[in-house]
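The values are calculated or read from the model by the stated rules, or taken from the named source; none is laboratory data. A quick note: this is a predicted structure, and the numbers were derived from the prediction, not measured. In this analysis, Cβ positions are derived from the backbone assuming ideal geometry, glycine residues included, and neighbour counts consider all displayed protein chains.
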Amino acid sequence: MSKKRALITGVTGQDGAYLAQLLLQEGYSVHGIVRRSSHAGVFDHRLRWLKIAEAIELHDGNLLDLSSLARIVQEVQPDEVYNLAAQSFVTASWQQPILTGEITGLGAVNMLECVRTLRPQARYYQASSSEMFGLIQEDVQSESTPFYPRSPYGAAKLYAHWMTINYRESFGLHASNGILFNHESPLRGVEFVTRKVTDGVARIKLGLARELRLGNIDAKRDWGHARDYVKAMWMMLQQEKPGDYVIATGRTSTVRAMCEIAFRHVGLNIDEHLVIDPKLFRPAEVDVLLGDPSKACAAFGWKAEISLESMIEEMVEADIARLRITGAN
């Protein structure tokens with residue numbers, strides 16, 4: 001029996017790397033789409049961190065280039081397609097709103113169109129986001145909560161989300177949306193607040209820095225571990241019928257509480273090192289996000305297993321290990 005073939009956009013990102021690792025463990029042949037880069041040996045550092053880089057077949061392509069996507073889908077003939085690629089940094093979406101709309105929104109439709117025309121029997125996963133809820137309309141957000149995005153990123157994700165539903169209902173694709181709440185790991189980019197915190201705490205602990213500068217530390221988020229969340233992606237595509245699912249822990253914590261976990265883990269006093277910088281506040285803040293994952297739990301038994309405390313401690317230790325090797329770079 002031949003192996004199932006999976007095609008992942010954004011395979012070199014945090015989620016793509018963990019998903020690729022999971023699919024390899026499940027016996028898949030894993031293919032990933034990567035943008036052409038002049039920085040050889042840098043773009044795949046997450047895959048190398050997980051020691052799976054040699055096990056994945058990478059294809060040069062771009063979500064904005066329909067011809068490259070069509071060529072790859074035709075060549076790979078995937079059984080499952082996971083669209084994880086995006087301009088996913090919310091702050092940058094305010095500085096590059098058009099690019100964010102093209103990649104995060106229209107790029108998803110390019111991928112859907114390739115699946116529809118070239119591989120309609122493939123199962124498709126779209127990475128939706130809790131940022132679509134934005135200015136929350138309900139205290140706890142579920143699949144039925146109205147959306148109110150508060151950033152170009154959230155708006156672009158919402159377009160991709162609804163287009164996935166449209167392709168499912170119009171063309172009969174097995175296409176599912178995972179509305180993922182914040183999920184982190186040692187593979188998270190350092191521009192995101194959790195890695196900014198754990199990297200900053202590690203630098204202070206090693207004497208490489210004296211302070212950690214943050215914006216709104218009163219914002220509340222529902223944080224989980226990416227390793228748990230990519231398992232939910234895969235489980236969605238194993239269901240007989242497609243659907244849309246909130247993936248979250250059901251627990252919310254402030255940025256300050258998350259910082260306290262990190263500082264406490266290395267024996268430092270948060271008040272001696274944390275600096276609030278008004279320049280780091282967003283133009284339109286999302287104050288609270290709290291997800292209800294009960295539909296996913298009932299449908300296929302998914303639940304978050306890794307606690308916030310364990311995740312932050314793992315991230316701090318990973319950043320300390322990195323910095324001991326690389327120094328302040």
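Any residue in segment 146-165 that is over 18 Å from Asp287 (Cβ atoms) sitting within a Cβ distance under 7 Å of a residue that is among the charged types (D, E, K, R) and part of a helix (DSSP H, G or I)? List the pairs, counting only those 6 or more apart or interchain.
Lys157/Glu131
Being β-branched (Val, Ile, Thr), more than 13 Å from Thr194 (Cα to Cα) and in contact (Cβ under 8 Å) with a residue 60 or more places away in the chain is the requirement here; does Val246 meet it?
yes
Consider only pairs whose beta carbons are under 9 Å apart and that are at least six residues apart or on different chains; among these, list those whose first residue lies in segment 34-48 and is assigned by TED's automatic domain parsing to the domain that holds Met315 and whose second residue is modelled with pLDDT of 75 or more and not in a loop (DSSP other than H, G, I, E, B).
Pairs found: none.
Among the residues in segment 55-76, are any surrounded by 24 or more Cβ atoms within 10 Å (Cβ to Cβ), under 23 Å from Met315 (Cβ atoms) and of a type in the set (A, V, I, L, M)?
no
Does Gln95 fit the bill of being more than 16 Å from the chain's Cα centre (by Cα) and at pLDDT below 95?
yes
Within segment 29-45, does at least one residue satisfy the condition of being among the polar types (S, T, N, Q), at pLDDT 95 or above and buried (at least 23 other Cβ atoms within 10 Å of the Cβ)?
Scanning segment 29-45, I find no residue that is among the polar types (S, T, N, Q), at pLDDT 95 or above and buried (at least 23 other Cβ atoms within 10 Å of the Cβ), so the answer is no.
Answer with yes or no whether Arg251 is in contact (Cβ under 8 Å) with a residue 12 or more places away in the chain and surrounded by fewer than 20 Cβ atoms within 10 Å (Cβ to Cβ).
Yes: the conditions hold for Arg251.
Give segment 166-195 a look and list any residue that's touching a residue at least 12 places away in the same chain (Cβ under 8 Å) and polar (S, T, N, Q), or say none.
Within segment 166-195, Ser176, Asn177, Asn182, Ser185, Thr194 meet the criteria.
Given the conditions (1) closer than 18 Å to Ala92 by Cα; (2) at pLDDT 95 or above, report the number of the one that Val190 does not fulfil.
Failing condition for Val190: (2).
Restricting attention to segment 197-223, and to residues there that are charged (D, E, K, R) and within 18 Å of Asp271 (Cβ to Cβ), which single residue is surrounded by the most Cβ atoms within 10 Å (Cβ to Cβ)?
Lys205
So, in segment 254-292, exactly how many residues are surrounded by fewer than 18 Cβ atoms within 10 Å (Cβ to Cβ), touching an Asp or Glu at 6+ places or on another chain (Cβ under 8 Å) and more than 27 Å from Tyr148 (Cα to Cα)?
2
Restricting to segment 104-145, name every residue that is in contact (Cβ under 8 Å) with a residue 24 or more places away in the chain and in contact with a Pro (Cβ under 7 Å, 6 or more places away or on another chain).
Within segment 104-145, Arg119, Ala122, Glu131, Met132, Gly134 meet the criteria.
Residues to consider are Tyr148, Tyr125; find the one that is within 20 Å of Tyr229 (Cβ to Cβ) and of a type outside the set (D, E, K, R).
Exactly one of Tyr148, Tyr125 is within 20 Å of Tyr229 (Cβ to Cβ) and of a type outside the set (D, E, K, R), namely Tyr125.
Based on what the data block shows, is Arg48 touching a Ser or Thr at 6+ places or on another chain (Cβ under 9 Å) and more than 30 Å from Leu280 (Cα to Cα)?
no
Of all the helices (runs of 4 or more DSSP H) wholly in segment 82-173, which have at least 2 residues that are in contact with a strand residue (DSSP E or B) (Cβ under 9 Å, 6 or more places away or on another chain) and closer than 17 Å to Pro242 by Cβ?
In segment 82-173, the matching helices (runs of 4 or more DSSP H) lie at 107-118, 152-171.
Name the pairs: first residue in segment 296-315 and touching a residue at least 24 places away in the same chain (Cβ under 8 Å) and closer than 28 Å to Phe263 by Cα, second residue among the aromatic types (Phe, Trp, Tyr) and outside any helix (DSSP H, G or I), Cβ to Cβ under 8 Å, at least 6 apart or on different chains?
Filtered contacts from segment 296-315: Leu308/Trp223; Met311/Trp223.
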